[in-house]
1. Which one of L39, L56, L60, L68 is in a strand (DSSP E or B) and either closer than 25 Å to A163 by Cβ or at pLDDT 95 or above (or both)?
2. Among the candidates P89, P94, which residue alone is more than 20 Å from A26 (Cα to Cα), out of contact with any helix residue (DSSP H, G or I) (no Cβ under 8 Å at 6 or more places or on another chain) and at pLDDT 65 or above?
3. Checking G104 against (1) modelled with pLDDT of 70 or more; (2) loosely packed, with under 10 Cβ neighbours inside 10 Å, only one condition comes out false. Which one?
4. Check whether at least one residue in segment 18-26 is farther than 21 Å from T153 by Cα, out of contact with any Ser or Thr (no Cβ under 6 Å at 6 or more places or on another chain) and in a strand (DSSP E or B), and report yes or no.
5. Only residues in segment 48-69 that are within 19 Å of T10 (Cα to Cα) count as the first member; pair them with residues that are basic (K, R) and not in a helix (DSSP H, G or I), Cβ under 8 angstrom, at least 6 apart or cross-chain, and list the lot.
6. Name the pairs whose Cβ atoms lie under 6 Å apart, with the first residue in segment 136-163 and surrounded by fewer than 18 Cβ atoms within 10 Å (Cβ to Cβ), the second at pLDDT 95 or above and part of a strand (DSSP E or B), and 6 or more positions between them or separate chains?
Amino acid sequence: MPGEPVGLRTGLRFDVLDVPAEAGAAALRRLGPGSPVALQGDRMRLLVAAGGAEELPGLLDWLEWGSLALDLVALGADGRMDAPPPPEPVSTGPRPLVGSSGSGTGPMQGAAVWLRPPEPGCGVEASLPSLSAMGGVVGGAPDLVRLVDTVATQCHRIRLRRACAGPSASQPLAFS
């Protein structure tokens, strides 16, 4: 369909954790430098190893986040994420702002952009967060457990902040 963004299929080479951008920003330090991350609107897409989406519900239960409604979505088998345009070649001049196309016009409203693009010519699968039997880093890949715990914590903080700023914020204090 014309005008519809190109999609990347999830579940084959990678899965995606789709989180609020604020929660994703807090999780960036848990990712390796080669782990691709995309931004679309107010959502961050963290690429994780294929199969990670299937593991998410059990992992959230194990981390004791399963009973809470978190703004955390996993895209796995038969899923799709909008494909950000390929990153522009690195220049020696000043670097454009994240999300800028370099042409001065910026990306289309709502279009996905790479915050951390995949490295050209490299298979990214080895750098994606994955579940490991030892709970540590496998082959240099970040641990999915730590990433999910960080993202879940941030999603919960966002949820609490919104609840505190809700209708009760305008209610006067009662003194006894």
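The values are calculated or read from the model by the stated rules, or taken from the named source; none is laboratory data. As the structure is a prediction and not an experimental result, all values here were calculated from the model. Ideal geometry is used to build each Cβ from the backbone, glycine not excepted, and the neighbour counts take in all protein chains shown.
1. Result: L39 is the single residue among L39, L56, L60, L68 that is in a strand (DSSP E or B) and either closer than 25 Å to A163 by Cβ or at pLDDT 95 or above (or both).
2. Going through P89, P94 in turn, the sole match is P89.
3. The single condition G104 does not satisfy is (1).
4. No, there is no match, as no residue in segment 18-26 is farther than 21 Å from T153 by Cα, out of contact with any Ser or Thr (no Cβ under 6 Å at 6 or more places or on another chain) and in a strand (DSSP E or B).
5. Close Cβ pairs satisfying both conditions: A50/R13.
6. I158/P20
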